[in-house]
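Student: Here it is, the structure in full.
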Amino acid sequence: MGIIVAKSAGFCFGVSRAVEKLDEEAELSPISTLGPIIHNDDVVQRLSRKGVNAINSLAELEKGKRLAIRTHGVGEETVQAIEQAGIKYVDLTCPFVKKIHKIVSEKHKEGYRILIVGDSNHPEVVGINGWCGNEAVIATDEAELEGVFLPDDKVCAVSQTTMDRKTFEKIIFFLKNTCQNPIVFDTICSATNERQKEAAEIAKQVDLMIVIGGKHSSNTNKLFSICSKYCKNTCKIENFEDFPQNIYIPKTIGITAGASTPSWIIKEVVSKMEEMIKGNDAFAKEFEEYEKSLITLHTRDIVKGTVIGVTEKGVSVNLGYKSDGFVPASEVTEDDSADINSIVKVGDEIEVFVVRVNDVEGEVTLSMKKIESMKGVKEVEEAFESQAVLEGKVVQVVNGGVVVVTKGVRVFVPVSQASDRFLADPSVLVGTTASLRIIDIKKVRGRTRIVGSIKSVLKEQKEALSAEFWANVEVGKKYQGVIKSLTSFGAFADIGGVDGLIHISELSWAKIKHPSEVVKEGDVVDVYVIEFDKEKNKVSLGYKKTEDNPWNKVKEELEVGSVIDCKIVRIVPFGAFAQIFPGVDGLIHISQVADKRIGKVEDELMVGQHVQAKVVEIDLENQKIGLSIRELLKKEEPAEEAVAEEAAVETAVEEAVAEEAAVEETSAE
């Protein structure tokens, strides 16, 4: 092992000069600095103990106390304000920065637009801008200059002293391609440039690079950025106390430091690192033994590991390798809708397939579904040979069919084999569990293509259920069925291997025009057998319940002579039908519509009209009711006439009932 310390590490000329001068001034009397003298907390704290305090503005300066302008410098207005206030001050501005102030001031007065390549928030750049009326254009990227300058603009460009050279050169190249004759002053401190080059060279040679400097130091941050490009293990610290204590100490270590880092901090870091290297020999031996105990992983390996973490993104697995493995959520199972937490839990030992080993990134990508698929393929092949029935979940609709996952294997089921009925929309199967049989396995372009059939299993199941049904069926027996299809004359229900017809007249006690008014496909219904023909494989089913028969209500609540409110629901040539209860209509014969002779019922009544009528006949056996409006309209008559009239009404009702029955019989035919 070895430590390489950059020769250029530590205080630059400007910083060294300022700190030494401030030490001397502090010996004479307390003094304040306008902002931290440099970006290094250790140096600022040491000076504070000697009576040097940092202030943020002139208003904070104690009366009669002296002032020091820090190395970054300040703007012209600030200098004028200090002098006008009669404040005694020491100017510790870096000589290289002072040179930039002079250039900017002169060129600004000559009418040049000033461009500063640097960080607009850095105190050095703020100070430089103050010498051209705060009118400078400040940039760290050429994109920031798009449309800022015109070809004939007079432009003078300078740079922050700690700017990295590549950024400066890119911006100057852009400027020269935009403006005709820009004046360019390369004001990057030579020490900064040298420090950056040396740091890059060291970073290329070592396994660990340490950059020492203040958190807010611009040049330290640039050193860290440069070193990180060449050495992955680069860390930035202010002093040794910031150094990560659990980091592995490699064979070679490089150390550099920013321009504001004092030599004593650099020496302390070097000394402590040497101690760590000496004490690391024992650890190195232990680590070597540990590495020997680790397994070796290769792509396509099948290994076992312990689950150490489960999230919605995937599963973390301890494999006994130098880094843990990870199973992405997409590689846990073929079922995208499954909850990962229901499949694996922390502490479970699982078998995984190694998809990829990336030693550089320290990543091991694993797959659980690949293992499941590999095992499953063998089981599926065995099921194909024996024609065994498998259980699976329909997970996807694809061109020409659906995909069923069984044993972790994707099986294609053509739409013609997805159901024992015509399937207009295969998506209704997605998410359902299905029984299937493998009907074909073949290799297609290096991949195994497996084809299954749900239909063949459903057909067998239906045949078995049908045989059981016909062996036990009897009139009146109740079944639970599923509505499979609707027709104009009724609904077909699957009652277990057999489809029975619920005639439209058996769906409701009320008259309906279509079965869809009562049921729809997929409804689960309770039915009973009305009649069956085993030879013709036909079953007639009942759906409406006896207790719901509205004629029971007629029997309980209605009697001849009652006056009722009813609604005209249908008009025919011989009269009008009025609804008494839902499912129960009574006939008002044309002779009973009015107290006079009429030619058309429509002349007196209309569909939807509510009327009062008298019950003149109730025939429960034939489910017929005769009504009369005329009875409520006529005046009192002699008893003999009333009897004769009543007989005439009864005869008219009987004739109307017979006529209605003849009409219904003709309609049925």
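The values are calculated or read from the model by the stated rules, or taken from the named source; none is laboratory data. Fair warning: this is a prediction, and the values are worked out from it, not measured in the lab. So basically every Cβ, Gly included, is an ideal-geometry build from the backbone, and we count neighbours across all protein chains shown.
Student: Here are some conditions: (1) modelled with pLDDT under 90; (2) on the phi < 0 side of the Ramachandran plot. ARG300 meets all but one. Which one does it not meet?
Tutor: Result: ARG300 passes all but (2).
Student: Another question about this same structure. Residues of the stretch 97-118 being surrounded by fewer than 19 Cβ atoms within 10 Å (Cβ to Cβ) and under 17 Å from ILE38 (Cα atoms), which ones?
Tutor: LYS98
Student: Among the numbered criteria (1) at pLDDT 90 or above; (2) among the hydrophobic types (A, V, I, L, M, F, W, C); (3) within 45 Å of the chain's Cα centre (by Cα), which single criterion is violated by VAL444?
Tutor: It is condition (1) that VAL444 fails.
Student: Also, I was wondering about something else. Mind counting the residues in the stretch 17-27 that are surrounded by fewer than 20 Cβ atoms within 10 Å (Cβ to Cβ) and either of a type in the set (A, V, I, L, M, F, W, C) or outside the structural domain of GLU60 (by TED's automatic domain parsing) (or both)?
Tutor: Total meeting the criteria: 1.
Student: From ALA388, ALA434, which residue is exposed (fewer than 14 other Cβ atoms within 10 Å of the Cβ) and among the hydrophobic types (A, V, I, L, M, F, W, C)? Outline the logic, then answer.
Tutor: Details: ALA434 fails: exposed (fewer than 14 other Cβ atoms within 10 Å of the Cβ).
It is ALA388.
Student: Can you tell me which of (1) outside any loop (DSSP other than H, G, I, E, B); (2) in contact (Cβ under 8 Å) with a residue 24 or more places away in the chain is the one LEU150 doesn't meet?
Tutor: (1)
Student: Report, ordered by the first and then the second residue, all pairs with beta carbons closer than 6 Å, sequence separation of six or more or different chains, a first member in the stretch 555-583 that is free of Cβ contacts under 8 Å to residues at least 60 places away in the same chain, and a second member that is outside any strand (DSSP E or B) and of a type outside the set (Asp, Glu).
Tutor: Close Cβ pairs satisfying both conditions: ILE568/LEU605; ILE568/VAL607; ILE568/GLN609; ILE571/VAL601; ALA576/VAL601; ALA576/LEU605; PHE581/PRO550; PHE581/LYS553.
Student: Return yes or no: is GLU194 touching a residue at least 60 places away in the same chain (Cβ under 8 Å), out of contact with any Gly (no Cβ under 7 Å at 6 or more places or on another chain) and either surrounded by fewer than 21 Cβ atoms within 10 Å (Cβ to Cβ) or in a helix (DSSP H, G or I) (or both)? First the steps, then the outcome.
Tutor: Details: touching a residue at least 60 places away in the same chain (Cβ under 8 Å): yes; out of contact with any Gly (no Cβ under 7 Å at 6 or more places or on another chain): yes; either surrounded by fewer than 21 Cβ atoms within 10 Å (Cβ to Cβ) or in a helix (DSSP H, G or I) (or both): yes.
Spelling it out, GLU194 is indeed touching a residue at least 60 places away in the same chain (Cβ under 8 Å), out of contact with any Gly (no Cβ under 7 Å at 6 or more places or on another chain) and either surrounded by fewer than 21 Cβ atoms within 10 Å (Cβ to Cβ) or in a helix (DSSP H, G or I) (or both).
Student: Which ones in the stretch 345-395 are among the acidic types (Asp, Glu) and farther than 26 Å from GLY431 by Cα? Give the derivation first.
Tutor: To start, the set of residues in the stretch 345-395 that are among the acidic types (Asp, Glu) comprises 348-349, 351, 359, 361, 363, 372, 379, 381-382, 385, 391.
Residues satisfying the conditions are ASP348, GLU349, GLU351, ASP359, GLU361, GLU363, GLU385.
Student: Within the stretch 69-78, does at least one residue satisfy the condition of being at negative phi and surrounded by fewer than 15 Cβ atoms within 10 Å (Cβ to Cβ)? Step through it out loud before you land on a result.
Tutor: Step one: filter the stretch 69-78 for residues at negative phi, giving 69-72, 74-78.
Adding the requirement that they be surrounded by fewer than 15 Cβ atoms within 10 Å (Cβ to Cβ) leaves 77.
Scanning the stretch 69-78 turns up at least one residue that is at negative phi and surrounded by fewer than 15 Cβ atoms within 10 Å (Cβ to Cβ).
Student: Take the residues of the stretch 28-41 that are in contact (Cβ under 8 Å) with a residue 12 or more places away in the chain and over 60 Å from the mean Cα position of the chain (by Cα): which is surrounded by the most Cβ atoms within 10 Å (Cβ to Cβ)? Give the derivation first.
Tutor: Taking the stretch 28-41 first, the residues in contact (Cβ under 8 Å) with a residue 12 or more places away in the chain are 29-41.
From the residues that got through so far, the ones that are over 60 Å from the mean Cα position of the chain (by Cα) too are 29-30.
On the way: SER29: 11, PRO30: 13.
Step by step, filter the stretch 28-41, then rank; the result is PRO30.
Student: Okay, next question. Are any residues in the stretch 303-342 assigned to a strand (DSSP E or B) and modelled with pLDDT under 85, and if so, which ones? Let's see the steps before the verdict.
Tutor: Our first condition is that a residue be assigned to a strand (DSSP E or B); within the stretch 303-342, this holds for 303-311, 314-318, 325-328.
None; the set is empty.
Student: Here's a check for you: in the stretch 300-327, which residue that is more than 23 Å from MET374 (Cβ to Cβ) and hydroxyl-bearing (Ser, Thr, Tyr) is surrounded by the fewest Cβ atoms within 10 Å (Cβ to Cβ)?
Tutor: First, pick out the residues of the stretch 300-327 that are more than 23 Å from MET374 (Cβ to Cβ): 308-309, 311-313, 322-323.
Filter once more, keeping what is hydroxyl-bearing (Ser, Thr, Tyr): 311, 323.
Details: THR311: 10, SER323: 16.
Result: THR311.
Student: Another question about this same structure. Across the stretch 426-450, what is the total count of residues that are out of contact with any helix residue (DSSP H, G or I) (no Cβ under 7 Å at 6 or more places or on another chain) and part of a helix (DSSP H, G or I)?
Tutor: Residues that pass the stated criteria total 3.
Student: Here are some conditions: (1) surrounded by 20 or more Cβ atoms within 10 Å (Cβ to Cβ); (2) closer than 14 Å to ILE450 by Cβ; (3) β-branched (Val, Ile, Thr). VAL364 meets all but one. Which one does it not meet?
Tutor: If we test VAL364 against (1) surrounded by 20 or more Cβ atoms within 10 Å (Cβ to Cβ); (2) closer than 14 Å to ILE450 by Cβ; (3) β-branched (Val, Ile, Thr), just (2) comes out false.
Student: If you go through the stretch 1-27 one residue at a time, how many are within 19 Å of HIS216 (Cβ to Cβ) and more than 60 Å from the chain's Cα centre (by Cα)?
Tutor: Taking the stretch 1-27 first, the residues within 19 Å of HIS216 (Cβ to Cβ) are 9-12, 14-15, 18-19, 22.
Keeping just the survivors that are more than 60 Å from the chain's Cα centre (by Cα) gives none.
Matching residues across the stretch 1-27 total 0.
Student: Taking LEU423 as the residue in question, decide whether it is of a type outside the set (Asp, Glu) and in a loop (DSSP other than H, G, I, E, B). Spell out how you get there, then give the answer.
Tutor: Details: of a type outside the set (Asp, Glu): yes; in a loop (DSSP other than H, G, I, E, B): yes.
For LEU423, the condition - of a type outside the set (Asp, Glu) and in a loop (DSSP other than H, G, I, E, B) - is met.
Student: Within the stretch 364-410, can you find the residues that are closer than 28 Å to VAL317 by Cα and assigned to a strand (DSSP E or B)?
Tutor: VAL364, THR365, LEU366, SER367, GLY392, LYS393, VAL395, VAL405, THR406, VAL409, ARG410 - these are the residues of the stretch 364-410 that are closer than 28 Å to VAL317 by Cα and assigned to a strand (DSSP E or B).
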